[in-house]
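The values are calculated or read from the model by the stated rules, or taken from the named source; none is laboratory data. All of these numbers come straight from a predicted model, not from anything done at the bench. Positions of Cβ are backbone-derived with ideal geometry, glycine not excepted, and every protein chain shown enters the neighbour counts. To get the accessible areas, we keep the full protein, side chains included, count just its heavy atoms, and leave off ligands, DNA and RNA. Shrake-Rupley method; radii C 1.70, N 1.55, O 1.52, S 1.80 Å.
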Amino acid sequence: MPVRAALFSYFELDDLTRLMNAISGSGMPAATRVHIGTYGANSEASITVRTYGPGRYSPMFKAEVRTEAWEQRRLTPEEVRQVSRRFSGRVPDEAALLRLSAAQRTAWGVEVGRRYRDTIRHSRAAGITVDSWQLDELGTQLAGPQGRQHREFVRGVLQGMTFGRRVLGDSESKGFVWATRRALNLARLPVTAELRAFWQQLDRAAFRVVGEEFPNFVGDPARAARTQADGWRALAAGGPVRRALAGRYVAGMTPGYRIGHGLGGNVAGLSRAEVNRWRNAYVAERNRIGVAGFGEFHFVLENSPTVVMVDASRAVARGMAGL
């Protein structure tokens with residue numbers, strides 16, 4: 001792959017300098033672009049990230065969790081004059097959203113994605129460097145009882161993130177799209193017109209697809225790596241679009257000391273050395289199986305100490321060196 005990219009996501013702003021120091025000392029291969037971001041766009045975060053030569057600032061946005069952007073547009077008076085007033089108000093609550101027609105539901109998703117691009121455009125206008133974006137996430141609900149409705153909305157969000165508001169000068173932009181294993185395993189299903197549209201829009205939007213690989217640090221790490229890679233295998237076994245996504249798949253890991261909340265990790269109370277050996281073996285197997293890059297998510301609470309940041313950064317560097 002011409003561009004090698006690693007990813008570090010979700011931290012408190014006060015902890016970013018320590019995370020950058022950990023990444024800087026990790027032994028990251030020189031040719032690797034390191035994308036770093038947490039929720040929302042922030043000038044101080046951008047400056048801190050960009051002081052590290054390979055650093056790229058890529059803020060995160062929520063796909064199906066209500067944020068301030070869902071309540072109303074935030075446009076300048078000049079922008080308001082150029083944009084249609086349709087879909088300018090509050091995004092309907094989830095129950096109402098799922099009852100809408102497919103076209104209306106997708107259009108609201110497009111509007112949410114455009115509002116995130118509004119944030120990026122305004123940040124750049126204020127002199128903040130924003131290199132890319134992250135979307136969190138293709139959730140398990142996309143494969144649930146109302147999966148089609150959720151996919152239609154998220155497809156709209158991806159479209160809005162990709163294209164923004166052309167009338168305001170936004171250009172096409174790709175980003176990192178986080179995805180649960182359950183959502184990615186939709187790739188095993190026969191392709192319908194709706195699923196085809198979903199995969200095509202994801203392909204158009206995603207610079208990288210980041211599969212959430214959050215195993216418990218127990219047992220054979222190589223076996224765990226093969227199990228956690230099922231979303232990648234589902235993409236790789238599909239048609240041309242899904243195979244293309246598999247070729248841009250990043251293994252999204254987590255440091256492992258924040259237990260619960262679906263994050264897996266050090267549930268058996270291993271020592272630091274044991275955690276590092278387990279994780280390094282996991283990374284080695286993911287390299288052997290095949291992957292386009294590595295990332296780490298969730299540097300808060302128990303995952304925020306400096307030693308945890310150092311170990312997680314070294315694991316990513318080791319993985320990137322093995323590509």
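Here are some notes:
- Dividing the C-alpha radius of gyration of segment 76-208 by 2.2 N^0.38 Å, with N its residue count, gives 1.08.
- Taken along the Cα-to-beta-carbon direction at a fixed 7 Å, the label points for Ala126 and Ala268 span 4.7 nm.
- Added length on full extension, which subtracts the Cα-Cα distance from 0.36 nm per residue, Glu71 to Leu168: 32.8 nm
- Listed residues Ile23, Ile128, Ile259, most fluctuating in the chain (Gaussian network, C-alpha, under 10 Å): Ile259
- A helix-only calculation puts the chain at -13500 deg cm²/dmol for mean residue ellipticity at 222 nm, using -39500 (n - 2.57) for each DSSP H run of at least four residues, averaged over all residues.
- Calculated accessible area for segment 38-144 comes out at 47 Å² per residue, all protein chains present (probe 1.4 Å; ligands, DNA, RNA ignored).
- Amide H to amide H distances under 5 Å link Glu296 with Leu7, Phe8, Ser9, Met253, where only residues 5 or more positions off or on other chains count and H is placed in the peptide plane.
- For the chain, the share of DSSP beta bridges that are antiparallel, to the nearest 5, is 0%.
- Karplus (6.51, -1.76, 1.60) ³J(HN,Hα), θ = phi - 60°, over segment 83-96, in Hz, Gly and Pro reported as x: 10, 4, 7, 4, 6, 8, x, 6, 5, x, 4, 4, 4, 5
- Under a model in which nothing but the beta-carbon of Lys, Arg (+1) and Asp, Glu (-1) is charged, segment 146-277 shows a dipole of about 200 debye around its Cα centre.
- Net charge, Ala237 excluded, C-beta distance under 13 Å - Lys, Arg +1, Asp, Glu -1: +3
- Note: relative contact order over the chain, using C-alpha pairs below 8 Å and six or more positions apart, is 20 percent.
- Karplus-derived HN-Hα couplings along segment 312-320 (A = 6.51, B = -1.76, C = 1.60, θ = phi - 60°), whole Hz, x at Gly and Pro: 5, 5, 5, 5, 5, 4, 4, x, 5
- Carbon + sulfur, % of accessible area of segment 180-285 - ligands and nucleic acids excluded, 1.4 Å: 54
- At 1.002 mPa s and 20 °C, Stokes D of segment 249-323 from Kirkwood alpha-carbon radius, µm² per second: 172
- Solvent exposure of segment 170-295 amounts to 38 Å² per residue of accessible area, where only protein heavy atoms count and the probe is 1.4 Å.
- Accessible area of segment 78-144 belonging to carbon and sulfur atoms, whole % at 1.4 Å probe: 48
- Note on Arg223/Ile259: beta-carbon distance plugged into 1/(1 + (r/R0)^6) with R0 of 30 Å gives a FRET efficiency of 0.90.
- FRET efficiency for Asp14 and Arg277, using Cβ-Cβ distance with R0 set to 25 Å, rounded to 0.05: 0.20
- Taking Cβ atoms as reference points and 12 Å as the exclusive limit, the residues near Phe294 contribute a net charge of +4, counting Lys and Arg as +1 and Asp and Glu as -1.
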